[in-house]
Amino acid sequence: METIYILWLRQIKRYLRSHSRIVGTLGQPLLFMIALGFGFGPIYARAGNGNYLQFLVPGIISQSVLFTSLFNGVEVIWDRQFGFLKETLVAPVSRFNIMIGRTLGGATIACLQGLIVFSLSLFIGFRPISWQAVIPMILMTFLIALAFTALGTAIASTLDDMHGFQLIMNFLVMPLFFLSGALFPLKNLPKIMEIITKIDPLTYGVDGLRAILIGSSHFNLGLDSLVLIFLCFIFLTAGAWLFSKVQI
């Protein structure tokens, strides 16, 4: 447990020291909220669907968490190339504990990123249905972050090249985001799109946040939570096994 705590704390300290990283990762979510929220808002309202910014913000929070979580895996490759990972792996502790500590640290960072995006959304007009929704929102955000941080770690554990990781992530991240219903309602989609959105794991995170923050859900909060917990288990198991195979 001590190893997990130390690695968790190390990840957070590394993130907090990188001010440019914090600011840089906020640019895209803020642009999406302002450009899409206000740009498509009148069209969305004329279609009889209400306030588009209210609909959009839970999806943008999920996007921010997704990006930060998955790209956290690049630190595994970075640490391997510069020898930091070797110093950690030769310590008399299990690789499972090391992987869990790094993953919890990465998930905490992604969750903090999501909370910052949520805070910024309040300044441009977003309002949750209740301020009591903030606590369950944090829990849902952490579930999303934990699942995708574990997935990023699993992918990074199989790669030696940082550029290869970036290519895979770019190929993975954008479809996950755009096909999750973050930007559009899931009702009345073509059959093939309906199937794809149900396969997309981020769909359940976006839907869960919408259920909590604006009281609107395509599935239901119970199903969203169960799917995310199951994905956390699958990705953590896969990540732990692949990380145990890392060569130093």
Review point. Has the stretch 174-182 got at least one residue that is of a type in the set (S, T, N, Q) and either closer than 21 Å to Gly39 by Cα or surrounded by fewer than 20 Cβ atoms within 10 Å (Cβ to Cβ) (or both)?
Key: yes
Review point. In the stretch 184-197, is there at least one residue being buried (at least 19 other Cβ atoms within 10 Å of the Cβ) and either basic (Lys, Arg) or closer than 26 Å to Ala45 by Cβ (or both)?
Key: yes
Check your understanding: Right, Ser157: of a type in the set (Gly, Ala, Ser) and in contact with a Gly (Cβ under 9 Å, 6 or more places away or on another chain) or not?
Key -> yes
Study note, to complete from the structure: Checked pairs for the stretch 45-60, first without any contact (Cβ under 8 Å) to a residue 12 or more places away in the chain, second part of a helix (DSSP H, G or I) and of a type in the set (A, V, I, L, M, F, W, C), C-beta under 9 Å and 6 or more apart or across chains, list as Asn51/Ala45
**Study point:** Residue that is part of a helix (DSSP H, G or I) and in contact with a helix residue (DSSP H, G or I) (Cβ under 6 Å, 6 or more places away or on another chain), where the choices are Leu122, Leu143
**Key:** Leu143
Practice item. Show the residue pairs that are 6+ apart or on different chains and have beta-carbon atoms under 9 Å apart, the first residue being within the stretch 139-151 and under 11 Å from Ser225 (Cα atoms), the second being surrounded by 24 or more Cβ atoms within 10 Å (Cβ to Cβ) and of a type in the set (Ser, Thr, Tyr). Key: Thr141/Ser62; Ile144/Ser62; Ile144/Ser69; Ile144/Tyr204
Check your understanding: So, of the residues in the stretch 201-220 that are among the polar types (S, T, N, Q) and touching a residue at least 12 places away in the same chain (Cβ under 8 Å), which turns out to be nearest to Leu151 (Cα to Cα)?
Key -> Thr203
Point to revise | Qualifying residue in the stretch 45-57 (condition: under 25 Å from Ser217 (Cα atoms), modelled with pLDDT under 80 and part of a helix (DSSP H, G or I)) | key: yes
Study note, to complete from the structure: Condition set in contact with a helix residue (DSSP H, G or I) (Cβ under 7 Å, 6 or more places away or on another chain), part of a helix (DSSP H, G or I) and of a type in the set (A, V, I, L, M, F, W, C), scope the stretch 125-137, selection nearest to Val76 (Cα to Cα): answer is Met137
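The values are calculated or read from the model by the stated rules, or taken from the named source; none is laboratory data. What you see is a predicted model; the values in this text were computed from it and never measured. Here Cβ is always computed from backbone atoms with ideal geometry, including for glycine, and neighbour counts include all displayed protein chains.
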